[in-house]
1. With the structure loaded, tell me whether residue 147 is modelled with pLDDT of 90 or more, part of a loop (DSSP other than H, G, I, E, B) and touching a helix residue (DSSP H, G or I) at 6+ places or on another chain (Cβ under 6 Å) or whether it fails that test.
2. Could we say that residue 157 is over 15 Å from residue 45 (Cα atoms) and at pLDDT below 85 here?
3. Tell me yes or no: at least one residue of region 49-61 is assigned to a loop (DSSP other than H, G, I, E, B) and either at pLDDT below 95 or surrounded by fewer than 14 Cβ atoms within 10 Å (Cβ to Cβ) (or both).
4. If only one of 36, 43, 64 is of a type in the set (S, T, N, Q), part of a helix (DSSP H, G or I), open to solvent by 60 Å² or more (accessible area, probe 1.4 Å) and touching a helix residue (DSSP H, G or I) at 6+ places or on another chain (Cβ under 9 Å), which one is it?
Amino acid sequence: MKTQYTKLQQGFTLIELMIVVAIIGILAAIALPAYQDYIARAQMSEAMVLADGLKTPVTEIYSQTGTCPDNSTTSNSTGLPQDIAISGKYVAKVTAGPSGGAATASCTIVSTMNSSGVSAGIQSKTLTLTMGSSTTGSTTWNCTSSADQKYLPSACTHS
């Protein structure tokens with residue numbers, strides 16, 4: 001009398017493994033660019049934070065003197081640190097000064113990104129805050145950038 005043993009299937013077939021690998025590849029192809037954009041936005045937000053730190057002193061100096069402070073030289077008498085002294089891990093410098101060259105023009109604060117060590121889409125790009133005014137006496141700041149819109153922090157895209 002023969003006893004028949006049935007062998008149970010164990011593990012996965014090659015086709016099943018190939019399908020799983022293909023699905024993981026598709027998900028990675030979608031997720032990687034989104035992650036890279038997220039990293040660039042996070043790096044660009046440093047430019048916004050550093051520029052925000054100069055808004056109050058620039059506004060104060062402008063309201064007292066009627067001219068825009070310029071911190072682009074070592075001999076500036078504005079009381080602001082020199083532009084290259086205001087930097088971060090991803091930001092090379094933050095420069096305050098008048099737009100268009102005239103001291104009584106609208107004041108700007110320009111954050112310049114590093115040319116290396118940052119995401120490719122924002123290398124050497126700038127984020128510019130331009131001082132405006134309103135009839136209520138408060139100062140408004142408009143944000144523009146040479147970087148693509150997708151890399152800008154939300155505080156810059158809604159101004």
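1. So residue 147 fits the description; yes.
2. No, not satisfied.
3. no
4. 36 is the lone residue from the list that is of a type in the set (S, T, N, Q), part of a helix (DSSP H, G or I), open to solvent by 60 Å² or more (accessible area, probe 1.4 Å) and touching a helix residue (DSSP H, G or I) at 6+ places or on another chain (Cβ under 9 Å).
The values are calculated or read from the model by the stated rules, or taken from the named source; none is laboratory data. The structure presented is a predicted model; accordingly, all values stated were derived computationally and were not measured. All Cβ positions, glycine included, derive from the backbone under ideal geometry; neighbour counts span all protein chains shown. Note: accessible area is taken over every heavy atom of the protein model, side chains too, but ligands, DNA and RNA are not part of it. Shrake-Rupley method; radii C 1.70, N 1.55, O 1.52, S 1.80 Å.
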